[in-house]
Amino acid sequence: MPDTRNDSKNSSNGGPWSPTLLVRRALRDLTDIATSMFDRHGDPREIEQALARQCGLWREYGAPLPDETPLTIIRQLPGFADWHYLNGIDPDSLADDIETPSTIECERHRRAYVLADWLQRHAGSDIAERVVKAAMRVALADLEEEMAA
């Protein structure tokens, strides 16, 4: 929640909701959050996430905060002058964790979408009804094979 106690008398700058005062209050708030979390031995990534969420709220209030504000505040903490959110993460290991479907699976999905689209466009026609009945027969046969196994 924004602290307006000391800034309300600065109405010559556009009042307590002027962008300059909002940025000042936001930076004070974000620094307090970062310091508090750091003192409790918070993980820098968790601190950055909390600061990013709080920055979003301050932006909704109208504070024009740059995107790099959370990172700038974290780097002001003792021992984090050169910290980056990818420190300790091997970019190659990130790519290993991504599962990509095989080419055959992609082609099956594409054909299913094409068939579904065609069936929607031709719903109610004789040919569409025959295609649906044929698909149902094949699906039931597959189910019976699975249950028998």
Return the pairs, sorted by first residue and then second, in which the second residue is part of a helix (DSSP H, G or I), the first residue lies in region 114-140 and is free of Cβ contacts under 8 Å to residues at least 12 places away in the same chain, the beta carbons are less than 6 Å apart, and the residues are 6+ apart or on different chains. HIS122/ALA128; ALA128/LEU119
For the condition in contact with a Ser or Thr (Cβ under 8 Å, 6 or more places away or on another chain) and either loosely packed, with under 14 Cβ neighbours inside 10 Å or at pLDDT 80 or above (or both), what is the one hit in GLY62, GLY14, GLY56? GLY14
Which is modelled with pLDDT of 85 or more, surrounded by 10 or more Cβ atoms within 10 Å (Cβ to Cβ) and out of contact with any Cys (no Cβ under 9 Å at 6 or more places or on another chain), of THR72, THR4? THR72
Would you check which residues across region 97-132 are of a type in the set (Asp, Glu) and surrounded by 11 or more Cβ atoms within 10 Å (Cβ to Cβ) and list them? GLU107, GLU129
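The values are calculated or read from the model by the stated rules, or taken from the named source; none is laboratory data. What you are looking at is a predicted structure, and each value in this text was computed from that prediction instead of being measured. Counting neighbours? That spans all protein chains shown, and the Cβs are built from the backbone with ideal geometry, glycine included.
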